[in-house]
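What follows is a set of notes on a single structure, which appears directly below.
The values are calculated or read from the model by the stated rules, or taken from the named source; none is laboratory data. All values reported here derive from a predicted model rather than from experimental measurement. Positions of Cβ are backbone-derived with ideal geometry, glycine not excepted, and every protein chain shown enters the neighbour counts.
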Amino acid sequence: MRRVTALMLAITLFGLGGCASVDFSLIHPAEAPTDVVSWSEETRSGELAIRYEWAAPQGLGPFPTVVVQPGIDTAAHDLRAILWDLASRGYLAVAIDYGRVINGESRQVRFPLRNAAEIAVLLEPVRAEPRVDPTRMGLLGFSRGAAYSLLLAAEVPEFRAAVAYYPITDFERWVDEREQRSAIWRLAFTVARWQFRSEGHGLDDSDLRGLLKQSSAINRAQDIRTPVLFIHGDRDSVAPLRDSVSLNALLNERCDCSKLIVVRNGDHSFNFKDPAKAANSWYATLDWLARYLKA
């Protein structure tokens, strides 16, 4: 029983909250609007297996473009309602999810991106799409997808805006604090490390520490020039509100162009659970994107 409990804790820890009881079309179209075109594609680059889900207004473009990254255990196609919503408002939207090729098969893993080159390769099909306006590109991410969106902003300076919903921006601190809480948490992380190895990461503890460090946007704050809107609930038990507060403060030391919206009584994934909170945060998202991508 203890092993099962630890395993469930580990899944919660490294799954960043999972997707239980969420509705991705809560305030977004349940079906594609008639004036929106949709398509999907898959590609491989080295050990990365990448899936793209697209939605665009009818026409040749080029359109302002939003790159959307889902949370862990969420596929790109799960976010089609958000893509359709954006496309109905004049954006070309593309959701990206990715795994690693292990023994010839694509597998979902906790931290699929290993280096800057792999982060940049995600954008190759986006840049090649003729309907994309490369001068008006933005980012939108949720949970782990928000963390990776921030890394993309650090790596690719041409992004003009980013919206990050409840990201973990300091994975090292996040892990350390939870390991120190109790024996059951330490046991959970032992199981989580075993899970990393069973997924084919081939990482020892020092490798895992390095992976956590390079996945932490707080360590790339000096490289993020993109205006970022952070949206975070004050009751998030998965991704600490502190993470958005800290990175927002660092970014504003340089340019005073980022903003934090704290959602009262908002937990993790609140925007897929609570219609009122979802609507308010979505209006703020649209305002932010329009300010930088449509002005």
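Results, tabulated for the structure shown:
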read-out: Condition met for residue 136 (outside any helix (DSSP H, G or I), at pLDDT below 70 and either crowded, with 24+ Cβ neighbours inside 10 Å or not small (Gly, Ala, Ser) (or both)); value: no
read-out: Residues (outside any loop (DSSP other than H, G, I, E, B) and either touching a Phe, Trp or Tyr at 6+ places or on another chain (Cβ under 7 Å) or of a type in the set (Asp, Glu) (or both)) located in the range 121-131; value: 124, 125
read-out: Matching option when the condition is more than 19 Å from the chain's Cα centre (by Cα) and modelled with pLDDT under 95, among 18, 46; value: 46
read-out: Residue list for the range 260-295, filter: of a type outside the set (Val, Ile, Thr), within 21 Å of residue 243 (Cα to Cα) and surrounded by fewer than 16 Cβ atoms within 10 Å (Cβ to Cβ); value: 264, 265
read-out: Residue check for residue 56: of a type outside the set (Lys, Arg) and surrounded by 15 or more Cβ atoms within 10 Å (Cβ to Cβ); value: yes
read-out: Scan of the range 62-84 for residues that are among the hydrophobic types (A, V, I, L, M, F, W, C) and either closer than 19 Å to residue 146 by Cα or not in a helix (DSSP H, G or I) (or both), ordered by number; value: 63, 66, 67, 68, 72, 75, 76, 79, 81, 82, 83
read-out: Within the range 41-61, considering residues that are among the acidic types (Asp, Glu) and either part of a loop (DSSP other than H, G, I, E, B) or in contact (Cβ under 8 Å) with a residue 40 or more places away in the chain (or both), the one farthest from residue 94 (Cα to Cα); value: 47
read-out: Contacts under 6 angstrom Cβ, first residue in the range 155-177 being at positive phi and at pLDDT 80 or above, partner buried (at least 23 other Cβ atoms within 10 Å of the Cβ) and not in a loop (DSSP other than H, G, I, E, B), 6 or more apart; value: 166/232
read-out: Subset of the range 266-295 (residues that are closer than 24 Å to residue 90 by Cβ and without any contact (Cβ under 8 Å) to a residue 40 or more places away in the chain); value: 280, 283, 287, 290, 295
read-out: Residue that is farthest from the chain's Cα centre (by Cα) [pool: residues in the range 81-112 that are farther than 30 Å from residue 294 by Cα and either at pLDDT 95 or above or crowded, with 21+ Cβ neighbours inside 10 Å (or both)]; value: 100
